[in-house]
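K.L.:
One structure is given below, represented as structure tokens, and several questions about it will come after.
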Amino acid sequence: MATAEPPVLETHALTIRFGGHVAVNAVSCAFRPGSLTAIVGPNGAGKTTYFNLISGQLKASSGRVSLYGEDISSLSAPQRTHRGIGRAFQLTNLFPRLTVRENVRLAVQSRAGLGLNLWSMWGSHVDLLEKAEQVLHRVGMADRRDTIVSALAHGDQRKLEVAILLALEPDIFMFDEPTAGMSVDEVPVILELIEQIKSQGDKTVLLVEHKMDVVRSLADRIIVLHQGELVADGDPATVIASPIVQQAYLGVSADA
């Protein structure tokens with residue numbers, strides 16, 4: 001009998017308190033490569049806080065985060081990025097006064113270990129320039145390459161943030177409501193990119209998303225948080241059909 005792929009990422013009784021409020025309460029979960037886990041729950045359930053604990057924006061009150069079996073709880077957000085945890089929309093900061101292409105090329109440059117020097121001699125790194133251009137084509141922004149980022153519409157800024165994350169080539173992709181604020185026409189581009197990342201088979205994807213049609217189409221697994229606690233974990237059909245999820249999280253009456 002084949003053994004399950006070992007977890008890439010694990011949280012062990014992960015907890016954070018803000019004064020007397022426990023925002024995330026002893027959440028233990030393991031995430032494996034080639035899987036996409038959707039994290040759902042009502043507003044205030046602790047989803048984004050849990051993301052912040054994993055990616056290093058927040059320091060846990062207790063518990064730990066491990067990556068490939070190593071405790072990384074003491075590492076900063078940039079150090080966790082360097083180890084392969086990529087966080088879209090909150091970890092990646094755009095440079096508003098630079099062009100779309102310059103933003104992506106800086107991410108490619110950083111991934112190649114060349115730092116973030118904007119004035120690096122790019123003529124000697126043709127392969128990296130080509131990589132930046134490929135990423136722009138993947139997110140459908142090649143025609144906006146010379147646009148100053150501050151002039152981009154909200155949806156395009158979100159697509160650019162995904163482009164930067166792709167350029168960093170993390171092992172773990174974390175998307176926090178990636179389609180929020182996007183027009184109907186823009187949403188498919190992002191969902192197709194996430195599907196492509198998942199289909200590679202060697203990446204781990206975590207997705208916080210309120211739109212259940214998106215969750216159904218992408219997720220291999222759903223975990224549900226409520227008041228900071230993990231209350232459901234399983235395959236989408238089972239979790240979505242659960243009475244507690246139907247009533248408390250999806251707004252569907254048990255009698256429906």
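The values are calculated or read from the model by the stated rules, or taken from the named source; none is laboratory data. The shown structure was predicted, so the numbers you read here are calculated from the model rather than taken from an experiment. When we count neighbours, we look across all protein chains shown, and the Cβ atoms used for this are built from the backbone with ideal geometry, even at glycine. Accessible surface areas use protein heavy atoms only, side chains included; no ligands, DNA or RNA. Shrake-Rupley method; radii C 1.70, N 1.55, O 1.52, S 1.80 Å.
K.L.:
Please count how many residues of the stretch 66-89 are of a type outside the set (Gly, Ala, Ser), within 21 Å of residue 47 (Cα to Cα) and in contact with a strand residue (DSSP E or B) (Cβ under 8 Å, 6 or more places away or on another chain).
P.N.:
Number satisfying all stated conditions: 7.
K.L.:
Further, regarding this structure: Just give me the residues in the stretch 1-38 being touching a residue at least 60 places away in the same chain (Cβ under 8 Å), of a type in the set (A, V, I, L, M) and farther than 23 Å from residue 76 by Cβ, in sequence order.
P.N.:
22, 26, 36, 38
K.L.:
Please determine, by comparing only the residues of the stretch 13-52 that are touching a Gly at 6+ places or on another chain (Cβ under 6 Å) and under 23 Å from residue 175 (Cβ atoms), which one is surrounded by the most Cβ atoms within 10 Å (Cβ to Cβ). Don't jump to the end; show me each part of the working.
P.N.:
Just the residues of the stretch 13-52 that are touching a Gly at 6+ places or on another chain (Cβ under 6 Å), to begin with: 13-15, 22-25, 34, 46-47.
Now restrict to residues that are under 23 Å from residue 175 (Cβ atoms): 14, 23-24, 34, 46-47.
Working: 14: 25, 23: 20, 24: 27, 34: 15, 46: 23, 47: 23.
That would be 24.
K.L.:
Let me ask something else about it. Please go through the stretch 21-49 and give me each residue that is in a loop (DSSP other than H, G, I, E, B), among the small types (Gly, Ala, Ser) and closer than 30 Å to residue 192 by Cβ, ordered by number. Before you say what the answer is, go through the steps one by one.
P.N.:
Restricting attention to the stretch 21-49, the residues satisfying the condition of being in a loop (DSSP other than H, G, I, E, B) are 32-35, 41-46.
From what is left, the residues that are among the small types (Gly, Ala, Ser) are 34-35, 41, 44-46.
Answer for the stretch 21-49, where residues must be in a loop (DSSP other than H, G, I, E, B), among the small types (Gly, Ala, Ser) and closer than 30 Å to residue 192 by Cβ: 34, 35, 41, 45, 46.
K.L.:
What are the residues in the stretch 112-157 that are at pLDDT below 85 and within 22 Å of residue 192 (Cβ to Cβ), if any?
P.N.:
Passing the criteria: 154, 155.
K.L.:
Further question: Which residue out of 69, 41 is among the small types (Gly, Ala, Ser), in contact with a helix residue (DSSP H, G or I) (Cβ under 9 Å, 6 or more places away or on another chain) and over 30 Å from residue 142 (Cβ atoms)?
P.N.:
Values: 69 fails: in contact with a helix residue (DSSP H, G or I) (Cβ under 9 Å, 6 or more places away or on another chain).
Matching residue, one of 69, 41: 41.
K.L.:
Tell me whether the stretch 165-173 contains one or more residues that are surrounded by 19 or more Cβ atoms within 10 Å (Cβ to Cβ), at negative phi and assigned to a loop (DSSP other than H, G, I, E, B).
P.N.:
Yes, that holds for at least one residue.
K.L.:
Please go through the stretch 177-235 and pick out each residue that is open to solvent by less than 10 Å² (accessible area, probe 1.4 Å), modelled with pLDDT under 90 and of a type in the set (S, T, N, Q).
P.N.:
Result: 179, single match.
K.L.:
Also, I was wondering about something else. Being surrounded by 19 or more Cβ atoms within 10 Å (Cβ to Cβ) and in contact with a strand residue (DSSP E or B) (Cβ under 6 Å, 6 or more places away or on another chain) is the requirement here; does residue 239 meet it? Outline the logic, then answer.
P.N.:
Working: surrounded by 19 or more Cβ atoms within 10 Å (Cβ to Cβ): yes; in contact with a strand residue (DSSP E or B) (Cβ under 6 Å, 6 or more places away or on another chain): yes.
Spelling it out, residue 239 is indeed surrounded by 19 or more Cβ atoms within 10 Å (Cβ to Cβ) and in contact with a strand residue (DSSP E or B) (Cβ under 6 Å, 6 or more places away or on another chain).
K.L.:
Out of the residues in the stretch 1-47 meeting the condition of being touching a Ser or Thr at 6+ places or on another chain (Cβ under 7 Å) and of a type in the set (Ser, Thr, Tyr), tell me which one is nearest to residue 202 (Cα to Cα).
P.N.:
35
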